[in-house]
């Protein structure tokens, strides 16, 4: 059974393997992170852990029984009881309810562990799978998103009140 774990230093190799294995798949729906991201991954991983330690972000990985990463689920820009949500799942588990179930779990953790009251998520309008995940996880459409934050693609913000049970 996969387990959602808060990111730590020991996850670096598995997260990089996940990102590399799914790079082309991710690039089909979100902007590619570019070669620099992969070439300097160790530095970026350490920076993410520092951000998490400072409390401005909380990064999670969905880990399979064999230790491989099935998905990344991030709470970022945490401030005043609100955070933004970002996520990506491996191609081989996409469409199986993994993202929806994990986003629901992260909503619970966001409230219980991080004191959040509201989560927001932006997705490109062309990313039907992500829109479906958010809707099934109790998020509601709140308005247009800045295309600059979505790789130049038109998009929409969704929001979830974490006091509401879904």
Footprinting exposure proxy for 73, 41 (fewest neighbouring C-beta atoms within 10 Å first): 41, 73
Approximate spin-label separation residue 96-residue 40, in nm, with each point projected 7 Å along Cα-to-Cβ: 3.5 nm
Mean residue ellipticity (222 nm) of the chain, computed from DSSP H runs ≥ 4 via -39,500 (n - 2.57), nearest 500: -10500 deg cm²/dmol
For the stretch 61-107, projected area of the alpha-carbon convex hull averaged over all directions, nm²: 3.5 nm²
Gyration tensor verdict on the stretch 90-154 (Cα atoms; rounded if a/c is under 1.5, prolate if a/b is larger than b/c, oblate otherwise): oblate
Order of 158, 76 under a 10 Å beta carbon neighbour criterion, fewest first: 76, 158
Stokes-Einstein D for the stretch 1-91, Kirkwood Rh over Cα pairs, 20 °C, 1.002 mPa s (µm²/s): 157 µm²/s
Calculated diffusion of the stretch 54-166, Stokes-Einstein form, Kirkwood radius summed over Cα pairs, 20 °C and 1.002 mPa s, µm²/s: 150 µm²/s
Between the stretch 33-91 and the stretch 93-158, the alpha-carbon center distance in angstrom: 15 Å
Virtual paramagnetic centre 7 Å along Cα→Cβ of residue 66, amide N under 20 Å, in the stretch 6-38: 11-26
Considering only the stretch 3-161, percent of DSSP beta bridges that pair antiparallel, nearest 5: 90 percent
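Any read-out appearing in this document is the output of simple, stated calculations on the displayed coordinates, not a laboratory observation. The structure presented is a predicted model; accordingly, all values stated were derived computationally and were not measured. With ideal geometry, Cβ positions are generated from the backbone for all residues, glycine too; neighbour counts draw on all protein chains shown.
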